[in-house]
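See structure below.
The values are calculated or read from the model by the stated rules, or taken from the named source; none is laboratory data. All values derive from a computational prediction rather than experimental measurement. Because the Cβ atoms are built from the backbone with ideal geometry, glycine has one as well, and the counts that use them run over all protein chains shown.
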Amino acid sequence: MEVKGQLEDAMPHLLPCLLSLLSASSVVLGVPEVKIGSTTVIGKNIPSLQQEFFGGIPFAEPPVGPLRLKPPVFKDTYDQKILNVTQFGFPCVQQDLGLDQSSEDCLTLNIYRPAGISSHVSLPVFFWTYGGGFYLGTGEIDASALVARSMQRGTPIVYVSFNYRLGPLGWPQGKEAEEKGALNLGLKDELAALEWVHKHIGKFGGDPSKVTVGGSSAGAIMTAILFMHPSTERLVRAGIFQSGSAGSAQVHNASFRQDNWDKFVGSVPACANRSGTDNSFDCLRHANITDIVQGVNGARAKIIEFSPWDPVLDGALFPAAPSVMRKLGRFARIPFIAGTNLDEGPVFIDPTPNYTSDQIRANLVANLSTPLLETTEKQKFDDINNKMLELYPEDPALGSPFGTGNDTFGVSPGFKRIAAMTGDMGFTSQRRTWQQTMANNPFSGVKSYGYLWKTATVLDAPPFAGPRFGVRHGSDTEYLYNNSLVDTVTPGALEAGVTLVDYYLSFIDSLDPNDGKGVQRPKWSVYSKHEQMVMQMEAQNFTQIPDTFRKEQIDFINSLPDVFHH
């Protein structure tokens with residue numbers, strides 16, 4: 001692939017076409033100000049990049065005390081006449097973060113924009129939802145390089161990130177949470193942030209009718225759930241999904257993880273005696289925050305499950321399994337980009353067990369033996385599990401990380417086998433069936449673009465140190481944000497990151513990744529019924545390939561959405 005100009009410094013200079021957007025007095029003499037109601041919101045300049053930043057703007061009331069474990073209360077009026085928002089707000093309470101580093105008062109958003117834009121400017125908006133397994137993460141992301149690139153290529157954007165509640169505070173599980181309307185609070189936080197953007201982003205130079213939502217992992221899953229609702233079209237015009245679809249986290253009802261909720265309540269000192277009673281909420285709302293934090297950490301220590309606080313069926317925001325919603329034609333008709341990384345599975349696999357066929361079969365039974373929907377009598381779980389073992393044979397050369405031959409990286413040879421299954425079940429299969437559904441539905445009219453990311457990050461970066469992770473889950477996000485984990489050793493890796501960014505920025509600006517601006521790059525075709533192609537994004541090798549890799553395995557998984565909780 002020929003690449004030109006992708007390593008330019010991320011500004012101190014703007015393209016001539018942007019000079020008309022700048023107000024010299026604002027950039028040089030003043031601080032950025034925006035009026036929201038009777039409050040003047042004051043941000044800060046980033047002079048070296050000719051950008052402005054507004055951080056920690058509340059979009060909902062603090063979810064504390066009586067508002068703990070309740071849906072967000074929208075907020076866009078502020079008591080202060082002057083509201084200084086020059087720093088990121090605290091991340092939401094989460095495991096392993098003390099109260100000096102996190103807070104319950106965390107429902108805030110952040111905005112980057114080109115400096116000094118005039119009042120008549122209305123730029124496309126990129127709204128980002130972070131990942132972290134629904135129990136970790138923060139909207140504290142330095143997006144200045146991304147915005148700088150948008151300015152440099154002549155397609156400037158306004159960027160927004162936000163915080164949503166995590167762990168048991170954001171994703172309560174069990175019967176009591178269902179009865180009290182407390183399910184999927186983190187998803188409701190995202191909707192509240194989107195409503196705030198819809199109402200106020202115009203004051204910051206953004207166009208509320210040109211909002212593209214993006215997200216990685218849990219953030220992509222959350223947003224994909226919103227894409228099952230036609231009403232999302234009011235708030236969003238496009239989406240970018242990195243390693244996450246609505247069915248990526250196995251779909252269950254609220255009672256499935258009742259035990260996780262009980263372990264959380266039992267770890268909150270003030271409320272431990274309410275564990276298992278379906279009468280914990282009142283106590284939890286009165287508990288002090290140090291007890292709540294102790295409960296969050298205590299539950300994590302007791303729960304083996306990798307991601308114990310996933311979204312659950314709630315009859316409203318998450319009304320039914322994605323496979324059911326697609327059959328019903330219940331989805332937003334919004335164009336999107338969706339991609340997965342080459343090796344999605346390894347980060348989710350404990351490397352310590354000896355993964356024999358019997359051990360893998362036991363893992364499958366544990367995960368698949370409580371089907372969400374009815375299955376026929378003939379679909380016995382042992383037959384299905386045997387078929388999975390047949391489709392993913394006991395051959396390290398066929399496992400994940402893919403393309404690494406018989407190297408087992410010092411762990412059980414079966415590690416690569418179960419890692420391949422896990423990546424396909426949760427990510428690749430769901431990305432593929434989503435795009436196929438949109439392409440095959442003559443009434444959808446939805447254009448989508450698929451990709452396979454094959455450019456690794458550095459191999460010694462914690463917490464996923466070592467080559468056994470391959471081109472791991474989350475790799476593409478690091479390239480999107482110019483993260484320090486970008487692999488500068490592999491020839492062409494930095495260029496690959498800029499190419500990814502240019503595709504995205506083109507799509508955010510025009511709903512087409514092929515605007516011809518920025519680096520020269522291959523044309524990325526729409527994923528269609530008769531041309532099911534994805535862009536292989538590999539350093540020095542960007543090219544379209546058929547979306548047929550591991551076809552037999554993924555077709556089998558997608559033929560049984562009820563069994564695989566999709």
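Out of curiosity, is residue 490 touching a Ser or Thr at 6+ places or on another chain (Cβ under 9 Å) and part of a helix (DSSP H, G or I)? Break it down into steps so the answer makes sense when it comes.
Values: touching a Ser or Thr at 6+ places or on another chain (Cβ under 9 Å): yes; part of a helix (DSSP H, G or I): no.
No: the conditions fail for residue 490.
Pick from the range 90-108 the residues that are charged (D, E, K, R) and in contact (Cβ under 8 Å) with a residue 60 or more places away in the chain: which of them is farthest from residue 41 (Cα to Cα)? Break it down stepwise before answering.
First pass over the range 90-108, keeping only residues charged (D, E, K, R): 96, 100, 104-105.
Then keep just the ones that are in contact (Cβ under 8 Å) with a residue 60 or more places away in the chain; that gives 96, 104.
On the way: 96: 32, 104: 22 Å.
Checked the range 90-108; the qualifying residue farthest from residue 41 (Cα to Cα) is 96.
Only one of these conditions is not met by residue 229: (1) buried (at least 22 other Cβ atoms within 10 Å of the Cβ); (2) within 21 Å of residue 434 (Cβ to Cβ). Which number is it?
(1)
Quick one: residue 495 ticks every box in (1) surrounded by fewer than 23 Cβ atoms within 10 Å (Cβ to Cβ); (2) part of a helix (DSSP H, G or I); (3) touching an Asp or Glu at 6+ places or on another chain (Cβ under 8 Å); (4) not hydroxyl-bearing (Ser, Thr, Tyr) bar one, so which box is it?
(3)
I'm told residue 522 meets every condition in (1) within 18 Å of residue 403 (Cβ to Cβ); (2) part of a loop (DSSP other than H, G, I, E, B) except one. Can you identify the failing condition by its number?
(1)
When you scan the range 362-458 for helices (runs of 4 or more DSSP H) that lie fully inside it, which ones turn up with 2 or more residues that are modelled with pLDDT of 95 or more and of a type in the set (S, T, N, Q)?
On the way: elements: 381-391, 414-423, 429-440.
Correct list: 429-440.
Look at the range 525-547 and say how many of its residues are within 28 Å of residue 491 (Cβ to Cβ), in a loop (DSSP other than H, G, I, E, B) and not aliphatic (A, V, I, L, M). Spell out how you get there, then give the answer.
Pass one, the range 525-547, residues within 28 Å of residue 491 (Cβ to Cβ): 525, 533-547.
Now drop any that are not in a loop (DSSP other than H, G, I, E, B), which leaves 525, 539-540, 547.
Among the residues that remain, those that are also not aliphatic (A, V, I, L, M) are: 525, 540, 547.
Looking only at that region, the number is 3.
Considering 164, 112, 159, which residue is under 22 Å from residue 242 (Cβ atoms) and assigned to a loop (DSSP other than H, G, I, E, B)? Steps first, answer last, please.
Details: 112 fails: assigned to a loop (DSSP other than H, G, I, E, B); 159 fails: assigned to a loop (DSSP other than H, G, I, E, B).
Among 164, 112, 159, only 164 is under 22 Å from residue 242 (Cβ atoms) and assigned to a loop (DSSP other than H, G, I, E, B).
Here are the criteria: (1) surrounded by fewer than 22 Cβ atoms within 10 Å (Cβ to Cβ); (2) of a type outside the set (Gly, Ala, Ser); (3) farther than 18 Å from residue 56 by Cβ. Tell me which single one residue 151 does not satisfy.
(1)
Scan the range 51-78 for residues that are of a type outside the set (Gly, Ala, Ser), surrounded by fewer than 21 Cβ atoms within 10 Å (Cβ to Cβ) and out of contact with any Lys or Arg (no Cβ under 7 Å at 6 or more places or on another chain) and jot them down.
Result: 62, 64, 67, 70, 73, 74, 75, 77, 78.
On the basis of being closer than 23 Å to residue 213 by Cβ and among the acidic types (Asp, Glu), does residue 476 make the cut? Can you show your working first?
On the way: closer than 23 Å to residue 213 by Cβ: yes; among the acidic types (Asp, Glu): yes.
Criteria met by residue 476.
Could you tell me which residue of the range 459-487 is modelled with the highest pLDDT, considering only residues that are over 22 Å from the mean Cα position of the chain (by Cα) and part of a helix (DSSP H, G or I)?
Only one residue fits best here, namely 468.
Taking the residues in the range 112-133 that are modelled with pLDDT of 95 or more and among the aliphatic types (A, V, I, L, M) as candidates, determine which candidate is surrounded by the most Cβ atoms within 10 Å (Cβ to Cβ). Step through it out loud before you land on a result.
The initial filter retains those residues of the range 112-133 that are modelled with pLDDT of 95 or more, namely 112-115, 122-133.
Now restrict to residues that are among the aliphatic types (A, V, I, L, M): 115, 123, 125.
Details: 115: 23, 123: 23, 125: 28.
The residue in question is 125.
Identify the single condition in (1) under 21 Å from the mean Cα position of the chain (by Cα); (2) over 23 Å from residue 128 (Cα atoms); (3) not aromatic (Phe, Trp, Tyr) that residue 525 does not satisfy, given that it satisfies every other one.
Failed condition: (1).
Among the residues of the range 510-529, is any buried (at least 22 other Cβ atoms within 10 Å of the Cβ) and touching a Pro at 6+ places or on another chain (Cβ under 6 Å)?
Among the residues of the range 510-529, at least one is buried (at least 22 other Cβ atoms within 10 Å of the Cβ) and touching a Pro at 6+ places or on another chain (Cβ under 6 Å), which makes the answer yes.
Give just the number: which of (1) closer than 15 Å to residue 317 by Cα; (2) of a type in the set (S, T, N, Q); (3) surrounded by 24 or more Cβ atoms within 10 Å (Cβ to Cβ) does residue 243 not satisfy?
So the condition that residue 243 fails would be (1).
Specify which of the listed residues (187, 109, 136, 166) is within 17 Å of the chain's Cα centre (by Cα), surrounded by 23 or more Cβ atoms within 10 Å (Cβ to Cβ) and more than 27 Å from residue 279 (Cβ to Cβ). Give the steps one after another, and end with the answer.
On the way: 187 fails: more than 27 Å from residue 279 (Cβ to Cβ); 136 fails: surrounded by 23 or more Cβ atoms within 10 Å (Cβ to Cβ); 166 fails: more than 27 Å from residue 279 (Cβ to Cβ).
Testing whether each residue is within 17 Å of the chain's Cα centre (by Cα), surrounded by 23 or more Cβ atoms within 10 Å (Cβ to Cβ) and more than 27 Å from residue 279 (Cβ to Cβ) leaves just 109.
Which residues, taken from the range 310-342, are of a type outside the set (Gly, Ala, Ser), without any contact (Cβ under 8 Å) to a residue 12 or more places away in the chain and assigned to a loop (DSSP other than H, G, I, E, B)?
Within the range 310-342, the subset of a type outside the set (Gly, Ala, Ser) is 310-314, 317-319, 322, 324-328, 330-331, 333-337, 340-342.
Those left that are additionally without any contact (Cβ under 8 Å) to a residue 12 or more places away in the chain: 327-328.
Matches in the range 310-342: 328 only.
Name the strands (runs of 3 or more DSSP E) wholly inside the range 27-75 in which the number of residues that are charged (D, E, K, R) is 1 or more. Don't jump to the end; show me each part of the working.
Numbers: elements: 33-36, 39-42, 44-46, 51-58.
The qualifying strands (runs of 3 or more DSSP E) are 33-36, 44-46, 51-58.
Taking only pairs six or more apart or across chains, which ones have beta-carbon atoms under 7 Å, a first residue in the range 511-523 that is of a type in the set (S, T, N, Q), and a second residue that is not in a loop (DSSP other than H, G, I, E, B)?
514/506
Let me confirm something: among 220, 299, 249, 193, which residue is at pLDDT below 95, surrounded by 20 or more Cβ atoms within 10 Å (Cβ to Cβ) and under 30 Å from residue 99 (Cβ atoms)?
Values: 220 fails: at pLDDT below 95; 299 fails: at pLDDT below 95; 193 fails: at pLDDT below 95.
It is 249.
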